[in-house]
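Remarks on the structure that follows.
The values are calculated or read from the model by the stated rules, or taken from the named source; none is laboratory data. In this text, all values refer to a predicted model and were calculated from it rather than measured experimentally. Cβ sites come from the backbone with ideal geometry, for glycine too, and all protein chains shown count toward neighbours.
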Amino acid sequence: MWLSIWATGRNDLGLSEDEFWACTPRHFDALVRHYKNRVEHDELMTAQLIAATINNGMYRPKTPVQPKDFMPSQWHVIKERVAQKRTAEQHEALANVFRAWAGVKPAEAPTDG
């Protein structure tokens, strides 16, 4: 764990060895939060350009893409939302579509033996 924290301080935050060891946990946390905000801001600026280009291109999609679709820092949020919206029945139906496509028979329901 300490090695990962040290690597974040040295590599991502650009701290020298002395600067890293002089940081209190509270200061280090503030630096990491600021770094994450800067990364998300940079992602957003790039993602807005990508989304605008796609949405206004010659072959624009029927449903406009969103900047968050191109922001790796937000992909886990998108996955959580999709997973929450899908019911068990929908999940099973989707799994059956993939099974049929792959030529795999659905597993039989377990019996109380």
Condition first: at pLDDT below 90 and closer than 30 Å to Ser16 by Cα. Can you find one or more residues in segment 73-95 that meet it?
yes
Restricting segment 19-34 to residues that are closer than 30 Å to Gln66 by Cα and surrounded by 15 or more Cβ atoms within 10 Å (Cβ to Cβ), the one farthest from the chain's Cα centre (by Cα) turns out to be Leu31
Within segment 35-61, the residues that are of a type in the set (D, E, K, R) and surrounded by 14 or more Cβ atoms within 10 Å (Cβ to Cβ) are Glu40, Glu43
Exercise for review: Assess whether Ala30 counts as being modelled with pLDDT of 95 or more and among the hydrophobic types (A, V, I, L, M, F, W, C).
Suggested key: yes
